[in-house]
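Colleague: Can you read through this structure? Questions will come right after.
The values are calculated or read from the model by the stated rules, or taken from the named source; none is laboratory data. Not measured: the values here are computed from a predicted model. Don't worry about glycine lacking a Cβ; one is built from the backbone with ideal geometry, like all the others, and counts go over all protein chains shown.
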Amino acid sequence: MASQLTPILIAQDEPLHTTLLPPHTNSHLDMSFVLNSSLDIFDMRLRHSTSNKIPLTQDLGLLHSISPRLATYGFLTNTNIKFVIVVDMLGRNSTSDTALDDSAEVDAQISAGGTVGLRDADLKPAWKAIQSAWIGLLLNGFYTPDVGGRGRGGQEIKSKKFAREMERIGMAWYMWINWKEGSKGCVKGQEVNENETLANFVGRVKRYWGEPKEDGWFSEVFFRKKALSLVLRECMEEEGLAEHQILVKDYFEGGETVYYKVYDEEGVEHWPWDFRGQVC
């Protein structure tokens, strides 16, 4: 796994199915331009392969880098069906593995001329899963593909089962971690990028619940009864790691719970709502 799949496109000469995933579910127009330009790159590579008599591999890898945050990758089946995935690199900068957590950081990286990148091997599970879903669709007698090259194109894919499978493939790239307020407070489940730095993750948990404003008060995020700030310090001091090298996936597998706790200047724990004035 790596980063986040955003849209997933299945196409022949024109799109047959598109899945848009958060946070781009409302970006239909923008993503349509991105995906259609990706299909043009397929055609360019096919023409180049034919004219130079060079076999074209199924996994085309990176098609084009749209920005430091977005990049498209392609896969071509033996029957000329094109799969396109747009990867959202939010949470990771490919040149340094430093987390990109907001638009300001992304814009700064764009200005600096940075680019996104992903190892081809990272996408192999996704390609395999999409292929399996596609084969399953072809076995459905109610769907009529145009894999014989008659030029009419296949039917638009309307199968709800296929759409759910595409969403499942995309969402599998998320990691789900519960954020709990104190020992007995509210629990908020959150989708987390597994390649996000641990330091950035801790900061987001604190910002979500709100930092105490009282003088001398402070907050900590705990996992398995150990403050994650202490985990970070130990990794940096004892293992010689830089902060950007310590990632969420190094400590979490998904489904765990972290605890946000607030302490006064004497180290006495207080419920977060003591200073926030509300329970949740």
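Colleague: Going by what's in this entry, would PHE201 be described as buried (at least 16 other Cβ atoms within 10 Å of the Cβ) and either closer than 24 Å to ASP264 by Cα or of a type in the set (Phe, Trp, Tyr) (or both)?
Modeller: For PHE201, the condition - buried (at least 16 other Cβ atoms within 10 Å of the Cβ) and either closer than 24 Å to ASP264 by Cα or of a type in the set (Phe, Trp, Tyr) (or both) - is met.
Colleague: Same structure, new question: All but one of (1) modelled with pLDDT under 85; (2) in a loop (DSSP other than H, G, I, E, B) hold for ASN78, so report the exception by its number.
Modeller: Here ASN78 meets the rest and fails (1).
Colleague: Just to verify a result, which residue in segment 71-87, among those that are in contact (Cβ under 8 Å) with a residue 24 or more places away in the chain and surrounded by fewer than 21 Cβ atoms within 10 Å (Cβ to Cβ), is farthest from PHE201 (Cα to Cα)?
Modeller: By that ranking, first place goes to THR79.
Colleague: How do the pairs read when you match residues in segment 236-261 that are more than 26 Å from GLY182 (Cβ to Cβ) with residues anywhere that are surrounded by fewer than 20 Cβ atoms within 10 Å (Cβ to Cβ) and charged (D, E, K, R), using Cβ under 8 Å and keeping only pairs 6 or more apart or on different chains?
Modeller: Partner pairs satisfying both residue conditions: MET236/GLU243; HIS244/ASP97; GLN245/ASP97; LEU247/ASP97.
Colleague: Quick one: count up the residues across segment 17-28 that are at pLDDT below 85 and more than 22 Å from ASN193 (Cα to Cα).
Modeller: 1
Colleague: Show the residue pairs that are 6+ apart or on different chains and have beta-carbon atoms under 7 Å apart, the first residue being within segment 195-210 and at pLDDT below 85, the second being among the hydroxyl-bearing types (Ser, Thr, Tyr).
Modeller: ASN195/SER3; TRP209/TYR260
Colleague: Taking the options GLU167, GLU191, name whichever one is assigned to a strand (DSSP E or B), within 30 Å of ALA11 (Cβ to Cβ) and within 25 Å of the chain's Cα centre (by Cα).
Modeller: GLU191
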